[in-house]
Amino acid sequence: MTSNTVNTTSTDEQDVAADLAEVNAYKKLRNAHLRSGVAIYELVFLMRYDTSSQDAAAFYNKIVDIINNFGGEVKGCEYWGLRHLAYKIKKNENAHYYCLHYSVPVASNGALNIELTRNLKVSENIIRHIVIRLSDIDQTKKDIIPTANPGSTDKRDAIYDKAYEVWR
């Protein structure tokens, strides 16, 4: 009797290994930025629904100029679309959502955030905003989210680590 055994590795194991390699590459990149004294931020702001595209572009350019003047670098801007708000904010029921990722040297991030906050509060087209320092989240997330186990076939661990990926 001969047995027909196939000696192949599972595609799930290969996928997990590839995901782990990507996660480890991201962690090296993130740690290099932390050591270099660069802070990574995310700015999310809600703009009034009746704002024209020219006004939105002008405001975006103003924000980018402020970040560049403080030695920062804009990594990208995402438009999340016009969305219905859960409750009225300043008599608005809908708003345009924007998400801006940027990095700035640690030496000037305090002054930059003060200037950004001042400009966001003064603008009548901005309903709400929040500035989040992602490098702080990356430092503390290892206590909250489990890391991937090399022998695990469960992809969830690697996916949790990749969910915080900022640099694409």
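Computed from the coordinates by the stated procedures, all read-outs in this text should not be read as laboratory data. All figures in this text were calculated on a predicted structure; none of them were measured in a lab. Heads up, the Cβs are rebuilt from the backbone with ideal geometry, glycines too, and the neighbour counts pull from every protein chain shown.
Please give the contour-minus-distance gain from E73 to Q54: 0.36 nm per residue of separation, less the Cα-Cα distance, rounded to one decimal in nm.
The span from E73 to Q54 would gain 4.6 nm if fully extended.
Which FRET efficiency value, to the nearest 0.05, do you get for A86 and T11 by plugging their Cβ-Cβ distance into 1/(1 + (r/R0)^6) with R0 = 25 Å?
Efficiency computed from Cβ-Cβ geometry: 0.05.
Given +1 on the Cβ of Lys and Arg, -1 on the Cβ of Asp and Glu, and no further charges, what dipole in debye does region 41-123 carry about its Cα centre, rounded to the nearest 20?
340 debye
In whole Hz, with x marking every Gly and Pro, tabulate ³J(HN,Hα) for region 46-52 from phi via Karplus 6.51 cos²θ - 1.76 cosθ + 1.60, θ = phi - 60°.
10, 10, 3, 5, 9, 6, 6
Kirkwood Rh over alpha-carbon pairs of region 36-133, then Stokes-Einstein at 20 °C and 1.002 mPa s: what D in µm² s⁻¹, rounded to an integer?
155 µm²/s
Give me the net charge for the shell around G72: Cβ to Cβ below 12 angstrom, other residues only, Lys and Arg +1, Asp and Glu -1.
-2
Return the long-range amide H neighbours of N92 (sequence gap of 5 or more, or a different chain), with a cut-off of under 5 Å between placed amide H atoms.
HN-HN under 5 Å from N92: empty list.
Residue by residue through region 94-99, what is 3J(HN,Hα) from phi via Karplus (6.51 cos²θ - 1.76 cosθ + 1.60, θ = phi - 60°)? Round to whole Hz and write x for glycine and proline.
10, 7, 8, 9, 10, 10
Assuming 0.36 nm per residue, please report the length gained on full extension of the stretch D65 to K121 beyond their Cα-Cα distance.
Full extension of this stretch gives 18.5 nm more.
Spelling out what I want: for every residue of region 77-86, take phi, set θ = phi - 60°, compute 6.51 cos²θ - 1.76 cosθ + 1.60 (Karplus), and round to whole Hz; glycine and proline get x.
Whole-Hz 3J(HN,Hα) from phi for region 77-86: 9, 10, 9, 8, x, 8, 10, 7, 7, 5.
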